[in-house]
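Only one structure is covered here, and it is reproduced in the block below.
Every number in this text was worked out from the coordinates using simple rules, so none of it is lab data. Values in this document were obtained by computation on a predicted structure and should not be read as measured data. Positions of Cβ are backbone-derived with ideal geometry, glycine not excepted, and every protein chain shown enters the neighbour counts.
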């Protein structure tokens, strides 16, 4: 797959999906753990849970409700953040489906996120970066 797509294209795809994810998180009104844009990762996005909400409990909730697999916070941020991975054989549809699941499970977990806001931000970014045929 890597040879067919070409390594530069793989890196570009990961960068696009990562930026779409970060824009979605911000549009949901949530905070990124990484505050320095130059240090953003194109492999995963770590999201800070709102005060009073345990990210480990949220991850378990997302797993029970939708069978979603989200990453836990490690070390000092355990219970405070969850991680969305966007590396590997992932495309726009995969990311958008995951973001929809995050919005839905956050809402049902009691986090007041505006449904559809993250998806809209991600879609608008992705549409603006897709070459037209």
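Assorted remarks:
- Between helix 55-66 and the chain: long-axis angle, C-alpha atoms, 0 to 90°, nearest 10: 70
- Mean sequence separation of contacting Cα pairs (under 8 Å, at least six apart), scaled by the length of the chain, corresponds to a relative contact order of 29 percent.
- Share of Cα-Cα pairs in segment 30-103 lying beyond 21 Å, as whole percent: 25
- Rounded to 10°, Cα long-axis angle of helix 117-129 versus longest principal axis of the chain: 10
- Using 0.36 nm per residue and subtracting the Cα-Cα separation, the extra length available between residue 72 and residue 127 on full extension is 16.8 nm.
- Extending 7 Å from the Cα toward the beta-carbon at both residue 60 and residue 12 defines two label points whose distance is 4.4 nm.
- With respect to the chain, whose longest principal axis is taken over its alpha-carbon atoms, helix 92-108 is tilted by about 10°.
- A P(r) calculated from all alpha carbon pairs of the chain, with 10 Å bins opening at zero, reads 12, 44, 33, 10, 1 percent.
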